[in-house]
Amino acid sequence: MTRMADLDRAHGLLVTLCEDAPAVSSATSALMQAFNLVVEVHSPTRIHLPTERGYAERLVTLEHLLDGLADSSTELSECLTLHDAADLVREVRAIRPAPGASR
């Protein structure tokens, strides 16, 4: 995949994760912040719907995708923005189990 396709994929993952998150929660807030950070870096040409079905699987995929994009960035501000977005996804993973899962 190209970098642009990876960024488009990150958008798709964030859109579906935000849709699956409760309307008012710290997880939703963190996901929306991550979405806004990714939008600062790239406006999608198209939204790629994720092939991952599970909420937790999409979070892990997104975290790795954002870290990879940050690490491969050639601009410091973009690198830091994408790492911040990945940190927010890690925060969601730490505070909220997948919908329907028990703690």
*To the nearest 500 deg cm²/dmol, what mean residue ellipticity at 222 nm is calculated for the chain from DSSP H runs of n ≥ 4 alone, each contributing -39,500 (n - 2.57), summed and divided by the residues?*
-23500 deg cm²/dmol
_For His42, what accessible surface area do you get with a 1.4 Å probe? Give it in Å², rounded to 10._
20
*asked:* Quick check: pseudo-label points 7 Å beyond the Cα along Cα→Cβ at Ser26 and Leu49, how many nm apart are they?
replied: 3.3
*Excluding ligands and nucleic acids, what accessible area in Å² is computed for Ser77 using a 1.4 Å probe, to the nearest 10?*
80
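The values are calculated or read from the model by the stated rules, or taken from the named source; none is laboratory data. Quick caveat: nothing in here was measured; it's all calculated off a predicted structure. Every residue, glycine among them, receives a Cβ derived from its backbone with ideal geometry; neighbour counts consider all protein chains shown. Side chains are part of the model used for accessible areas, which takes the heavy atoms of the whole protein and leaves out ligands, DNA and RNA. Shrake-Rupley method; radii C 1.70, N 1.55, O 1.52, S 1.80 Å.
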